[in-house]
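A short worksheet on the structure shown next.
The values are calculated or read from the model by the stated rules, or taken from the named source; none is laboratory data. Not measured: the values here are computed from a predicted model. Cβ: placed from backbone, ideal geometry, glycine included. Neighbour counts: every protein chain shown. Please note that ligands, DNA and RNA were not included when accessible areas were found on the heavy atoms of the full protein model with its side chains. Shrake-Rupley method; radii C 1.70, N 1.55, O 1.52, S 1.80 Å.
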Amino acid sequence: MSVIFLAEHQQDTFKKSAFEAATFSKKLAEKLGTTAIGVVIGSMNNPGSLGKYGADKVLHVQADQNVPFDSQVFTEALAAAAKQSDASVIILAHSSTGKALGGRLSARLKAGLVSGVNALPDTEGGFKARKSVFSGKANGIYNITSAIKILTLAGNAVKPVRSETEAPVESLQVTLPTARITVKEIKTVQGIVPLPEAEIVVSAGRGMKDPGNWGIIEELAATLGATTACSRPVADADWRPHHEHVGQTGIAIRPNLYFAIGISGAIQHLAGVNTSKVIVVINKDPEAPFFKAADYGVVGDLFEVVPKLNDALKAFKAAH
Amino acid sequence: MKYLVCISKTPDTTAKIGFTNNNKTFDSNGVQYIMNPYDEWYALVRALELKETQGGDITLINVGGVDNETIIRKGLAIGGDKAVRINAENPSAWFVASQIANYAKNEGFDIIFTGKETIDYNGAEVPAMVAELLDLPLISFASKMDISGNKATIQRDIEGGVEIVEVDTPFVISASKGLAEQRIPNMRGIMMAKTKPLEVVEPLAIEEMIEIDHFETPPPKSSVKLVDPSDMEELVRLLHEEAKII
Ligand SMILES: Cc1cc2nc3c(=O)[nH]c(=O)nc-3n(C[C@H](O)[C@H](O)[C@H](O)COP(=O)(O)OP(=O)(O)OC[C@H]3O[C@@H](n4cnc5c(N)ncnc54)[C@H](O)[C@@H]3O)c2cc1C
C-alpha cells in the first residue's frame, strides 16, 4: 500500500503543485499508515528534493530524457508506478496535466476519481473526498468505493510544508508507448506566477475605462508579488490578454487573496473566483454586487484608492 | 469526416443551488437548465465549422433522461445532423464516459468533441475517460484547431500560456473558450431540428466507483467590512493582522 503522486515539473524546476501534492500525500499517507511516493517523469536534475515537502521516496521514469506531455504516455508511466508501489491512492494536480490524466487513469485502473479536491479526505469508515461544485456555491463530499482511489488536488488547497530531508530516488524502467501527439511549441509567460498557482491576484475590470490605465494595477501587483487577472469584457475587448480572463468562461482560481478593482461582481465572474480565501473589492458603486461576496470593501474611485493602497503596502513592506 | 459531439445539461449559472434527500440530491425544483456552454458554444460550433468547410456528418450524444431532449433539439437546431440519447438519470462521469465510449466504439468517428468541463461539477473527467476507453489521443482545453487532411494542429491552454500540438485523426478534443464563436440557432434550424433523427438507446450496466455522501453549502459570508477610502493603511493593517494574509 502507498500514496503516490505525480510531481509536475518544467525542465529542472518543480511546479508549485508538485510541492502541494507532496505535502498532501504525506499527510494522507500518515493517516493511512503508509508512505508517500513521488513520481517524476522525464529528465529532472534534483528529484530527491521532493523529500523536503514530504515524499518518502521518488520513482524517476525516463530519468535522462525529456518526455513531452501526451496523456497516453504519462498514463502508462503512472500506471507502471502505481503497480510498482502497490498504490492505493494516486494524487494529481487539478491542472491542465492532471485533469487530462485523472480520467484516463480512472478508466485504466478502474479506480474512482474525485477531481478538484480541496481538503484531506475523511478516511474513517470510507474514503470521503470533498470538492467544490456548482462554481463554488457548494461542496460535494464523495465516497470512493474502488480499491484504488484517484484525486486531483485543487491549487492552494494545502500549504507545502518544508523540511531539509532529501528523499531517496529510484529509477523506474518503463517501456513507454510512442507518443501520438507531437508538441510543437510551448508559449508561456515568463517571470510571472501563472494565475492558477498565484497566491495573490490583482484583478481589474471595465471600471478601468481604458487599457492605458493598467499601470496602477501592474504596480500594485508588483508590490504584492501578485499575478494580474481581468473580467471577461476586458479580455474580449483585447484590453488585456485572454489568459488573464477569470470566471465561468475563463479560468477558475482560488488564491489566498483576490483584489477585484472596478469589477461589478456579476455571477459569471464570481463563479471563477468566489472560493478565494479573502476577497477585497474596490468599487465606486456601493451597490455593486461584488460587495456581497467580499471580506473587505472600499467604496471609492479606484484611480485614487489604488495608488494610495500601493503606497500603504510599500510602507508596510519596508517596515516588515 | 464523422464528428461526435458530446453535450450535457447543466443548471444555468444564475440558478439557486439547493439539495434534498438529506443533502444527497441536487434540488432541480424550479431550476432552469441549459446546454453546457463549453459544449454548445465551442465544441459543437467548431464541429459545425469543420463540416461547413470540409464536409462531414455530426452526431450529438447525450446521456440523460427524457427531459434532456430540449437541449438535444437545440443542438440539432444549431447544426447537428442526428442525435443519440442514452437513457439514464443522474449519471456519474464514469457512467457517462462508459456509455459514450460504448456507443462510439464501432462508429468510426474521426473527431470526438466535448466541452472542457461542465459548469456544475467542473470535473473535466469525461473527455479523458472516453479517450482512454477508446484508446485515443486526448487534446484537452483546446482553444484553436485547424485540420488539413487527417492532421490537426491544436492550441491547448496550459497554466500561464498555450501549447501547440499536432495529432492525426481519430482523437478526442475538449473545447475551451476561443475554439469557435458562439452561434444562436435560427428559425430554419429550429424547424429542421424537429424532424432530425433522435435515437434513444438503453444504457450499458456500469459498476460505479464513487457515490455521493452529501453536499454542503458553505456558511454565508459574514458581511463585508468597509474601509474608509482615504485610509489604506487601515486596509493593509486588516489584511496583515486580521486576515493574516500579507
Ligand atoms: C454566459 C455568460 C458567461 C460569462 N462569463 C464571464 C466570465 O467568465 N468572467 C467575467 O468576468 N464575466 C463573464 N460574463 C460577463 C458578466 O456577466 C459581466 O458582464 C462582466 O463580468 C462585467 O465585467 P466588469 O465587472 O468588468 O464590468 P461592469 O459590469 O461594467 O462593471 C464595472 C464596474 O466598475 C465600477 N467602476 C467604474 N468606474 C470606477 C471607478 N473609477 N472606480 C471604482 N469603480 C469603478 C462600476 O461601479 C462597476 O461596478 C459572462 C456573461 C455571460 C452571459
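Can you tell me which residues in the range B:145-162 are outside any strand (DSSP E or B) and facing chain A (nearest Cβ under 9 Å)?
Hits for the range B:145-162 are B:Glu159, B:Gly160.
Of all the residues in the range A:219-264, those that are within 17 Å of A:Val280 (Cβ to Cβ) and not hydrophobic (A, V, I, L, M, F, W, C) number 12. For the range A:92-115, the count of residues that are modelled with pLDDT of 95 or more, open to solvent by less than 20 Å² (accessible area, probe 1.4 Å), of a type in the set (S, T, N, Q) and in a strand (DSSP E or B) is at least one. Does B:Ile7 satisfy the criteria of being of a type in the set (A, V, I, L, M) and in contact with a Leu (Cβ under 6 Å, 6 or more places away or on another chain)? Here the answer is yes, as B:Ile7 does meet what is asked. Restricting to the range B:203-217, name every residue that is open to solvent by less than 70 Å² (accessible area, probe 1.4 Å) and at the interface with chain A (Cβ under 7 Å from one of its Cβ atoms). Result: B:Met209, B:Ile210, B:Ile212, B:Asp213, B:His214, B:Phe215, B:Glu216.
Scanning the range A:262-297 for residues that are facing another protein chain (nearest Cβ under 7 Å) and farther than 18 Å from A:Ile200 by Cα gives A:Ile267, A:Gln268, A:Phe291.
Checking each residue in the range B:157-205 for being farther than 20 Å from B:Lys105 by Cβ and among the polar types (S, T, N, Q) picks out B:Ser176, B:Gln182, B:Asn186, B:Thr195. Working carefully through the options A:Gly212, A:Gly191, find the one that is at pLDDT below 95, more than 9 Å from chain B (Cβ to nearest Cβ) and farther than 30 Å from B:Tyr38 by Cα. Being at pLDDT below 95, more than 9 Å from chain B (Cβ to nearest Cβ) and farther than 30 Å from B:Tyr38 by Cα holds for just one of A:Gly212, A:Gly191, which is A:Gly191. The set of residues from the range B:50-66 being closer than 23 Å to A:Gln248 by Cβ and more than 13 Å from the chain's Cα centre (by Cα) comprises just one member, B:Gly64. Screening A:Phe69 against (1) touching a strand residue (DSSP E or B) at 6+ places or on another chain (Cβ under 9 Å); (2) surrounded by 23 or more Cβ atoms within 10 Å (Cβ to Cβ) leaves a single unmet condition, (2).
The residues of the range A:204-234 that are near the ligand (Cβ under 7 Å from one of its atoms) and either more than 21 Å from A:Asp311 (Cβ to Cβ) or of a type in the set (Val, Ile, Thr) (or both), listed by number, are A:Gly205, A:Arg206, A:Lys209, A:Ser231, A:Arg232, A:Pro233, A:Val234.
All of (1) under 22 Å from the mean Cα position of the chain (by Cα); (2) more than 8 Å from the ligand (Cβ to nearest atom); (3) free of Cβ contacts under 8 Å to residues at least 60 places away in the same chain hold for A:Ala237 with one exception: (1). Residue pairs whose Cβ atoms lie under 8 Å apart, separated by 6 or more positions or on different chains, with the first residue in the range A:200-229 and without any contact (Cβ under 8 Å) to a residue 24 or more places away in the chain and the second within 13 Å of the ligand (Cβ to nearest atom) and in a helix (DSSP H, G or I), do not occur. Taken together, B:Lys221, B:Lys225, B:Lys177, B:Lys151 contain a single residue that is more than 30 Å from A:Ile279 (Cβ to Cβ) and basic (Lys, Arg), which is B:Lys151. Selection of the range A:27-36 for residues being open to solvent by 10 Å² or more (accessible area, probe 1.4 Å) and either at negative phi or assigned to a strand (DSSP E or B) (or both) yields A:Lys27, A:Glu30, A:Lys31, A:Leu32, A:Thr34, A:Thr35.
Residues of the range A:241-252 that are within 7 Å of the ligand (Cβ to nearest atom) and either in a strand (DSSP E or B) or more than 9 Å from chain B (Cβ to nearest Cβ) (or both): A:His245, A:Val246, A:Gly247.
For the range B:205-216, the count of residues that are farther than 30 Å from B:Asp81 by Cβ and small (Gly, Ala, Ser) is zero. Show the residue pairs meeting these rules: Cβ distance below 8 Å; 6+ apart or different chains; first residue within the range A:23-49 and over 23 Å from A:Gln173 (Cα atoms); second residue part of a helix (DSSP H, G or I) and open to solvent by 30 Å² or more (accessible area, probe 1.4 Å). If the second residue must be part of a helix (DSSP H, G or I) and open to solvent by 30 Å² or more (accessible area, probe 1.4 Å), the pairs left are A:Thr23/A:Tyr53; A:Lys26/A:Tyr53.
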